[in-house]
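A.B. asks: Starting off with a structure, shown below.
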Amino acid sequence: MKVHWDLDNLPAFKNAVITIGSFDGVHRGHQRIIEKIRQLAQSNEGESVVITFHPHPRQIVYPKDGSLKLLNTTQEKIRLLELYGVDHVVVVPFTVEFSQLSADEYIQKFLVGKFRPAYIVIGYDHRFGLNRQGDINYLRWYGKEAGYEVIEIARQEVDEIAVSSSKIRTALEQGDMHTAYSLMGHYYTLSGKVVHGEKIGSSIGYPTANISLSQKEKLVPPSGIFAAWVYHAGKRYQGMLYIGKRPTINNAAQQTIEVNIFDFNEDIYGEEILVEMVEYLRADIKFESLEALGLQMSKDKENSEKVLAKNEKANFPGKKGNAKLAIVILNFNNKRYLQQFLPSIIAHGSPFQQIFVADNGSSDESLRMLSQQFPTVKRLDLQQNHGYAQGYNLALHQIDAEYYCLLNSDVEVSPNWLPPILQAMESDKMLAACQPKILDFNNKSRFEYAGASGGWLDGLGYPFCRGRIFGEVETDKGQYDDMQEVFWASGAALFVKAQLFHQLGGFDGDYFAHAEEIDLCWRMKRAGYKVAVVPQSVVYHVGGGTLSYNTPRKTYLNFRNTLSTIFKNEPAQKLVWLLLLRMILDGVAGALFLFQGKFAHIRSILQAHISFYSCLPQLLKKRRHNQQLVRQLRKNGRPNLATGRYRGSVVWQYFAVGKHRFQDLFQ
């Protein structure tokens, strides 16, 4: 990432996708905007540019207002923007003269003159120019002449950002570091230069580095002791942070901020350090003597080490036991994909995750490669190829976590892919499964066949997606960027609540591969739970990397498993006519394959029907067993089957009416 401080010396940005704001906190709401400009930049072979200001505009416009409390210094903000994958950050010196620009000057001289944007991504309520003359409509009007397009951030998203900022400040003021973390997606930080103190800490065995904050407007959490990570000269150390007026010593008038860095003995006066505040341990209190204070600090250090060790092992703050998230990759002879894509998964991970590769009896030395090149990735040897469905069943029974992410080995993840998903699942306890937006690795402006932006089902049980109907795959223009309930989530990148997965019996192991995720999601929805797509999270799927889309084997599994899924989940009264109609439509599909000369595929359809009807007794037992599990888990007394279900026939709409895009089905 490149940082620019001089407006008169900016580079010529290529197809710049810009967004403008203070981005204080760079929290999860901001991260969705950042991901949006990153996606637009990637789709248009351009560069993502965040424009922010220093000092904060309120400090110039309202210089006597002392109520402003910032979540970030400018340097802290830059550090976070780099973490979330921005190409350029432009720090605009906010001066009285800049604030006096008219709306026309703001657009012509500043936005167009300095950036020549291809896209401007802003909120519906964005105002600019002297006396806030300009708005989004004025910006759009200018865009026709200047050659840029305005992408509006919806009212709901803007309101969520404001609410999140308020909630973060409230949490920090109460010392609730866990809530602050869940809203921000990263720890709250304090940073500044190390200055000389009274060296009383050294006299009791706990020397501290006193921090002078670089901005007096920085919000400081309440007095007390915090477990903390300390960063100095590119290295991270464990430590405990103190905020307070030292009542045991002299009850100073000025608050001090000082950190004891564990196993550290360097002279760093005058140097910059950054502290991540992990957990609030206790309030600041007055002790009878320095000896008593020293004894308490010994306990504080022990407690800090426990908290930080728990964090280092990727456990969720404040929860004991299992990992919050287990990312599980099922592998069969895909060593090349693991070598290619594991680095992105590790680099863009969460401190609360564990990564597993469950190997389905590979013969390409995948396990040996993992032990040599990725020693932190845990390995499960399943000995033989059990297929996708049973392979995951066997692997997940060995993994203890709150959430599973079942990720194909041929998937590249983006920098901010995890926080939006985890936030969605944390905030809605009825959300049982979800998926990110899935784009084509080889053409990142297009959706990928396996899931696109969420799976739907038509009235006859045919699956399709927001962004893909049958073989027609759409270009991603942001048309399906809203998070919404769907009917099924793709197995290429499937997030699921672990306990519910096991309570519903997991996947049907007889499926081997294909449609097992639809079957599972259908059961979840019958039990009253929700399935959703979270497009603010993005991954890139090679597609067909493990099983090619256009093989007779895939055709067989497709037709057989879809029939089984319908039989196990549709109401009994509907099955009589539906199975007959599906038999007719499958015959039409066979005729189409005949016309195309794909005789092996015709044989696959026949074999699928023979297998399905010969297995009806076993399928009937599964149907009854699933009904029992669903009844036991049903939360609200009724299923949740309407959302994500298209009442008509997508076959008719696609082939007879000619509607090839998802959004056209509803026009």
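The values are calculated or read from the model by the stated rules, or taken from the named source; none is laboratory data. Bear in mind the structure is a predicted one, so any value in this text is a computation, not a measurement. Cβ sites come from the backbone with ideal geometry, for glycine too, and all protein chains shown count toward neighbours.
A.B. asks: Looking only at the stretch 505-523, filter to residues that are touching a helix residue (DSSP H, G or I) at 6+ places or on another chain (Cβ under 7 Å) and among the aliphatic types (A, V, I, L, M); which one of those is nearest to Arg553 (Cα to Cα)? Show your work before the answer.
C.D. replies: Step one: of the stretch 505-523, the residues touching a helix residue (DSSP H, G or I) at 6+ places or on another chain (Cβ under 7 Å) are 505-509, 511-516, 518-519, 522-523.
With among the aliphatic types (A, V, I, L, M) added as a condition, the list becomes 513, 515, 518.
Details: Ala513: 10, Ala515: 14, Ile518: 19 Å.
It comes out as Ala513.
A.B. asks: Given Leu394, Leu407, which one is out of contact with any His (no Cβ under 7 Å at 6 or more places or on another chain) and either more than 30 Å from Thr179 (Cβ to Cβ) or modelled with pLDDT of 90 or more (or both)?
C.D. replies: On the way: Leu394 fails: out of contact with any His (no Cβ under 7 Å at 6 or more places or on another chain).
That would be Leu407, the only listed residue that is out of contact with any His (no Cβ under 7 Å at 6 or more places or on another chain) and either more than 30 Å from Thr179 (Cβ to Cβ) or modelled with pLDDT of 90 or more (or both).
A.B. asks: Just to check your reading of the model, which residue among Phe501, Phe464 is in a helix (DSSP H, G or I) and of a type in the set (Phe, Trp, Tyr)?
C.D. replies: On the way: Phe464 fails: in a helix (DSSP H, G or I).
Sole residue among the options that is in a helix (DSSP H, G or I) and of a type in the set (Phe, Trp, Tyr): Phe501.
A.B. asks: Might you let me know whether the stretch 159-169 holds any residue that is buried (at least 16 other Cβ atoms within 10 Å of the Cβ), of a type in the set (Val, Ile, Thr) and more than 18 Å from the chain's Cα centre (by Cα)?
C.D. replies: Yes - at least one qualifying residue is present in the stretch 159-169.
A.B. asks: A follow-up question, please. Somewhere in the stretch 526-545, is a residue of a type in the set (Phe, Trp, Tyr) and at pLDDT below 90? Break it down into steps so the answer makes sense when it comes.
C.D. replies: Going residue by residue through the stretch 526-545, those that are of a type in the set (Phe, Trp, Tyr) are 529, 540.
Of the ones still in play, those that are also at pLDDT below 90 are none.
No, the stretch 526-545 has no match at all.
A.B. asks: Counting only residues that are free of Cβ contacts under 8 Å to residues at least 60 places away in the same chain and in a strand (DSSP E or B), which one in the stretch 277-293 is farthest from Gly244 (Cα to Cα)? If you could, list the steps in order and put the result at the bottom.
C.D. replies: Start the filter on the stretch 277-293 by keeping residues that are free of Cβ contacts under 8 Å to residues at least 60 places away in the same chain, which leaves 281-282, 285-289, 292.
Filter once more, so that each one left must be in a strand (DSSP E or B): 281-282.
Numbers: Leu281: 14, Arg282: 12 Å.
Of everything passing the filter in the stretch 277-293, Leu281 is farthest from Gly244 (Cα to Cα).
A.B. asks: Still on this structure: When the residues of the stretch 618-652 are narrowed to those that are closer than 22 Å to Glu474 by Cβ, in contact (Cβ under 8 Å) with a residue 60 or more places away in the chain and not basic (Lys, Arg), which ends up surrounded by the most Cβ atoms within 10 Å (Cβ to Cβ)?
C.D. replies: Gly644
A.B. asks: Which strands (runs of 3 or more DSSP E) does the stretch 1-102 wholly contain that include 2 or more residues that are polar (S, T, N, Q) and surrounded by 16 or more Cβ atoms within 10 Å (Cβ to Cβ)? First the steps, then the outcome.
C.D. replies: Numbers: elements: 2-4, 16-20, 48-54, 88-93.
The qualifying strands (runs of 3 or more DSSP E) are 48-54.
A.B. asks: Could I ask something else about it? For residues in the stretch 546-569 being touching a helix residue (DSSP H, G or I) at 6+ places or on another chain (Cβ under 8 Å) and surrounded by fewer than 16 Cβ atoms within 10 Å (Cβ to Cβ), which is modelled with the highest pLDDT?
C.D. replies: Among residues in the stretch 546-569 that are touching a helix residue (DSSP H, G or I) at 6+ places or on another chain (Cβ under 8 Å) and surrounded by fewer than 16 Cβ atoms within 10 Å (Cβ to Cβ), the one modelled with the highest pLDDT is Arg553.
A.B. asks: Sticking with this structure for a sec: Of everything in the stretch 52-85, what is under 22 Å from Lys2 (Cβ atoms), in contact (Cβ under 8 Å) with a residue 60 or more places away in the chain and of a type in the set (D, E, K, R)? Give them in sequence order.
C.D. replies: Result: Glu76, Arg79, Glu82.
A.B. asks: What's the total number of residues in the stretch 629-658 that are over 22 Å from Leu563 (Cβ atoms) and part of a helix (DSSP H, G or I)? Step through it out loud before you land on a result.
C.D. replies: The first filter runs over the stretch 629-658 and keeps only residues over 22 Å from Leu563 (Cβ atoms), leaving 631-638, 640, 642-643, 656-658.
With the extra rule that they be part of a helix (DSSP H, G or I), the set shrinks to 631-633, 656-657.
Of the residues in that region, 5 qualify.
A.B. asks: Only one of these conditions is not met by Ser102: (1) among the polar types (S, T, N, Q); (2) in contact with a Ser or Thr (Cβ under 8 Å, 6 or more places away or on another chain); (3) more than 30 Å from Leu190 (Cβ to Cβ). Which number is it?
C.D. replies: (2)
The rows are residues; the columns are (1) within 19 Å of Gln484 (Cβ to Cβ); (2) not in a loop (DSSP other than H, G, I, E, B).
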| site | (1), (2) |
| --- | --- |
| Pro419 | yes, yes |
| Ala424 | yes, yes |
| Ile438 | yes, yes |
| Lys444 | no, yes |
| Gly451 | yes, no |
| Leu457 | yes, yes |
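A.B. asks: Working carefully through the options Glu217, Glu258, find the one that is assigned by TED's automatic domain parsing to the domain that holds Ser304, more than 23 Å from Ser289 (Cβ to Cβ) and in contact (Cβ under 8 Å) with a residue 24 or more places away in the chain. Write out each step before concluding.
C.D. replies: Numbers: Glu258 fails: more than 23 Å from Ser289 (Cβ to Cβ).
Just one listed residue meets the conditions, Glu217.
A.B. asks: Among the residues of the stretch 38-79, which ones are over 19 Å from Glu217 (Cα atoms) and modelled with pLDDT of 90 or more? Break it down stepwise before answering.
C.D. replies: Pass one, the stretch 38-79, residues over 19 Å from Glu217 (Cα atoms): 38-51.
Once the filter is applied, which keeps residues that are over 19 Å from Glu217 (Cα atoms) and modelled with pLDDT of 90 or more, the stretch 38-79 yields Gly46, Glu47, Ser48, Val49, Val50, Ile51.
A.B. asks: Okay, moving on. Go through the stretch 186-223 and count every residue that is within 14 Å of Gln255 (Cβ to Cβ), in a loop (DSSP other than H, G, I, E, B) and of a type in the set (Gly, Ala, Ser).
C.D. replies: Within the stretch 186-223, residues that are within 14 Å of Gln255 (Cβ to Cβ), in a loop (DSSP other than H, G, I, E, B) and of a type in the set (Gly, Ala, Ser) number 2.
A.B. asks: Next question. Please verify whether Tyr124 is more than 20 Å from Val49 (Cβ to Cβ) and buried (at least 18 other Cβ atoms within 10 Å of the Cβ), treating the condition exactly as stated. Steps first, answer last, please.
C.D. replies: Details: more than 20 Å from Val49 (Cβ to Cβ): yes; buried (at least 18 other Cβ atoms within 10 Å of the Cβ): no.
Criteria not met by Tyr124.
A.B. asks: Select, from Ser22, Ser43, the only residue that is of a type in the set (Ser, Thr, Tyr) and farther than 18 Å from Phe110 by Cα. Let's see the steps before the verdict.
C.D. replies: Values: Ser22 fails: farther than 18 Å from Phe110 by Cα.
After applying the criteria, what remains is Ser43.
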